[in-house]
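The values are calculated or read from the model by the stated rules, or taken from the named source; none is laboratory data. On a predicted model such as this, the values are computed, not experimentally measured, just so you know. Please note: Cβ atoms are built from the backbone with ideal geometry, for glycine as well, and neighbour counts cover all protein chains shown. The protein model used for the area step is the full one, side chains on, heavy atoms only, and it has no ligands, DNA or RNA in it. Shrake-Rupley method; radii C 1.70, N 1.55, O 1.52, S 1.80 Å.
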Amino acid sequence: MSRKKNRLFRKALASVPIHLTITTISVCASVYALAQSYPPYGPDIPLAHFDHGNRPHLTPPPPKLMCPVLSPSCQDARTAQSEWNTQLLGYDTLDGRSAYQPLVVHQGNRYIAYMAHHAGCAISRLNLNNEVNGTSLLDVTNPQHPIYLAHIPNSPSDGATCTGSLDAAGNQMVHVCGGDSLPSNSRAEENRKRGHYYMLRTNGNASGQPGVESHEIWDTTNPSSPVLLKTIDSGATNTHKDWWECYSGVAYLVGNDGTASAGSPDSAPGWQQSGSTQHMKIYNLHDPANPEYIRDFGFVGQQPTATPPAIEGLVTPPTGIHGPISAGDRIYAAYGVGGNGAIQILDRSKVLNGCKASGASANCAKSPTQSEMLAPQLGWFTLPGTSLQGGHTSFPIFGEENGKRRNLILVTSEEGGNECTAGSAPHAAWLYDVTDEANPKYIAEDPNDPARTKMDVPNGFDYKWVGIIPGNGVTDNHCGTTNCSQSGIYGASVTPQDSPTNPNNFCNQGARFGVHSSTELFYPPYYGRLAITAWFTGGLRVFDIRNPDDPRAIAYFIPEPNDTGCGPKGGPSPGPGCTMANTGRDGHTVNAIHTNNVEVDDRGLIYIADRAGTGMHIIKLTGQAAGAGAGNDNDNDHDHDNDHGHDNDHDNDHDH
């Protein structure tokens with residue numbers, strides 16, 4: 001970025017009420033030190049540089065199949081391992097446990113993968129016990145040879161068993177902060193935390209009363225021998241996608257207080273949600289052993305005193321939150337998960353300090369008034385297809401274009417039905433321009449796509465849509481474009497088992513096909529250049545968003561099913577397959593891969609977790625995707641794990 005262009009951008013940014021620290025990547029800077037300065041580890045924001053590049057749209061190659069041609073002797077219709085501009089570097093079965101979230105932390109001189117699991121049970125390779133799924137810790141310093149260090153089973157208080165819904169229990173979410181990053185209120189606290197690492201995890205995800213769930217903090221300084229440090233918010237329900245700011249200690253916990261929480265000083269009963277019963281409970285965890293309650297918060301209409309009808313959103317009461325992401329002085333909150341979605345932009349300072357303000361109501365922290373709910377809100381919007389799509393992930397991308405500020409949000413909606421349920425819309429990813437926060441604008445629209453986005457994956461192996469018919473969500477005008485309710489939906493005939501029959505496709509894999517989530521870390525070089533997403537049976541999907549008005553598919557990776565790798569000695573031993581069965585449209589079962597979540601590390605490696613028990617895959621980008629991630633339009637098919645020291649199109653001026 002030229003100094004003249006840099007000055008123009010800073011001048012434009014100066015008038016914006018967002019407290020950003022724009023950091024740089026110099027040629028000799030430490031990649032690790034820089035990575036730790038970005039959310040949620042540090043407060044600095046990398047700056048994306050958008051352009052108007054007219055790049056060709058690429059048709060991905062069809063996936064490989066277990067049986068390239070179906071015949072009486074070969075009837076396996078599943079996808080096999082397939083790579084496009086990607087390369088598999090490493091793999092671990094995770095003992096066949098259903099996995100939700102991967103998080104890789106640069107912990108001292110090692111990289112530790114924290115793999116958060118859904119409900120269920122599996123035999124641990126470490127002790128040969130059949131353990132309830134919890135959290136797996138692996139050393140991935142050498143990505144080609146992961147070392148399984150520990151499994152922390154789900155805490156007994158959750159009441160989890162080996163049977164039942166994958167989503168109803170387990171320890172599905174995880175964040176990690178280093179004690180040296182967390183602020184301290186005293187020298188004694190600083191000394192006590194020095195050199196330590198702390199893992200925040202959810203414990204359960206069921207909505208039933210009286211509430212047996214919680215959040216837990218573990219000391220994982222020795223990742224081979226974690227120690228439970230503190231339990232927070234006991235008596236909760238629906239704990240889920242938290243966010244923990246290591247630089248401030250503020251943690252936005254997702255859940256709801258059950259009746260069992262009565263008597264707790266931070267219990268806030270009576271919050272109202274449609275769908276998942278989830279809102280934010282906000283704490284300061286700068287001292288993980290001594291949590292400090294701040295307040296409860298959510299979408300207006302969810303507060304205990306709200307009366308129908310809701311003044312915002314698509315339903316009364318508004319849908320529950322899936323998860324927040326904070327950056328700068330903003331909080332981005334996604335509501336609805338997979339239906340009746342809304343995205344909210346909040347002033348972080350007003351959320352955290354609103355109940356301390358002059359004139360705040362006496363019960364502001366636990367039961368705010370409508371005006372106290374609205375005071376921090378800067379903007380909100382729904383999605384194309386309205387009630388047919390939900391807010392799962394809302395990832396902010398701060399940037400500039402032609403020297404002027406341009407800020408975006410990448411949004412995903414979770415696909416929740418197996419084999420493209422009739423009447424449902426394909427769940428996809430969207431880009432919103434939120435430079436004017438009060439008036440979000442939907443960009444990158446494709447009127448020929450059923451989800452109306454250029455960031456979608458057709459269900460046909462030839463990347464053409466199969467079985468789509470016209471449909472509509474509820475009437476609304478807050479989606480940032482026209483005809484908000486318009487959408488394509490899946491019809492009654494989509495798979496080869498339907499009548500009339502169809503070719504084999506991604507909707508014939510037993511499990512879900514559609515997007516789930518995107519990465520949530522702000523690491524260069526991919527920030528603002530690539531949208532990296534998990535697409536369930538579609539595997540890992542990567543889009544080039546350098547021209548955000550015209551994003552394009554640029555890479556994918558589809559794992560191979562594990563049919564023989566979960567034996568009596570745990571995941572690595574031969575025996576039954578790790579990949580578990582899912583039930584499709586006509587009741588048939590398929591043991592197919594199910595990519596649930598995706599994340600990156602500060603080396604530019606990508607990690608995916610499999611919902612169907614297939615394990616953890618470590619992937620590097622190659623070819624055109626590696627080039628796009630490095631900021632050029634040429635193939636960059638060399639080992640770029642340590643090639644982060646160039647400008648990366650981020651601000652090269654260290655003055656703040």
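Structure notes:
- Taking label points 7 Å from Cα along the Cα-to-Cβ direction, residue 563 and residue 194 give a separation of 5.7 nm.
- Amide H contacts of residue 420 (H built 1.01 Å from N, in plane; Pro and chain starts excluded): 513 sit under 5 Å, all sequence-distant by 5 or more or on other chains.
- Between the residues 506, 426, 517, the greatest Cα displacement towards the positive end of the dipole of the range 414-552, with unit charges on the Cβ of Lys, Arg, Asp and Glu, is found for 506.
- Measuring between alpha carbons in the structure, the pairs from 404/454; 64/620; 241/620 lying more than 22 angstrom apart are 404/454; 241/620.
- Cα gyration tensor category, rounded, prolate or oblate, for the range 471-603 with a/c compared to 1.5: oblate
- Summary value for the range 98-317: 13 percent relative contact order, contacts being C-alpha pairs under 8 angstrom separated by 6+ residues.
- For the range 113-213, relative contact order (Cα pairs under 8 Å, six or more residues apart, normalised by length) works out to 27 percent.
- Linear extension gain, residue 497 paired with residue 462, 0.36 nm per residue minus alpha-carbon span: 10.7 nm
- Computed magnitude of the charge dipole of the chain (debye, nearest 20; Cβ of K, R +1, Cβ of D, E -1): 520 debye
- Dividing the Cα radius of gyration of the range 379-477 by its Kirkwood radius returns 1.00 for Rg/Rh.
- Length-normalised contact order of the chain in % [C-alpha pairs under 8 Å, at least 6 apart]: 17 percent
- Counting Cα-Cα pairs of the range 402-532 in 5 Å increments starting at 0 gives whole-percent bin shares of 2, 10, 17, 21, 18, 13, 10, 6, 2, 1, 0, 0.
- In the range 162-239, trypsin sites (Lys or Arg not before Pro) in a DSSP loop with at most 13 other beta-carbon atoms within 10 Å: 194
- Counting heavy atoms of the protein chains alone, residue 404 has an accessible area of about 140 Å² for a 1.4 Å probe.
- Rolling a 1.4 angstrom probe over the protein heavy atoms with all chains in place gives the range 250-401 an accessible area of 27 Å² per residue.
- Evaluated over the Cα positions of the range 98-317, the convex hull gives a direction-averaged projected area, one quarter of its surface, of 13.2 nm².
- The modelled label-to-label distance between residue 58 and residue 357, using points 7 Å beyond Cα along the C-beta direction, is 4.8 nm.
- The dipole here belongs to the range 434-590: it is taken about the Cα centre, uses +1 on the Cβ of Lys and Arg and -1 on the Cβ of Asp and Glu, and is about 320 debye.
- Selection from 540, 321, 68, by position along the positive dipole direction of the chain (Cβ): 321
- Modelled label positions at residue 264 and residue 109, each set 7 Å beyond Cα in the direction of Cβ, lie 4.1 nm from each other.
- Across all directions, the average flat footprint of the convex hull enclosing the Cα atoms of the chain is 27.4 nm².
- Note on the chain: with neighbouring protein chains present and a 1.4 Å probe, carbon and sulfur make up 51 percent of its accessible heavy-atom surface.
- Positive end of the dipole of the chain (Cβ unit charges, origin at the Cα centre): among 81, 587, 184, the Cα lying farthest that way belongs to 184.
- Protection proxy ranking of 537-548, 218-229, 350-361 - average other beta-carbon atoms within 10 Å, highest first: 537-548, 218-229, 350-361
- Normalised by 2.2 N^0.38 Å, where N counts its residues, the alpha-carbon radius of gyration of the range 318-362 equals 1.36.
- Cα-centred dipole magnitude for the range 166-279, charges only on beta-carbon of K, R (+1) and D, E (-1), debye, nearest 20: 240 debye
- Net charge of neighbours whose Cβ lies under 15 Å from the Cβ of residue 367, counting Lys and Arg as +1 and Asp and Glu as -1: -1
- Shape category assigned to the range 336-434 from the gyration tensor of Cα positions, a/c cut at 1.5: oblate
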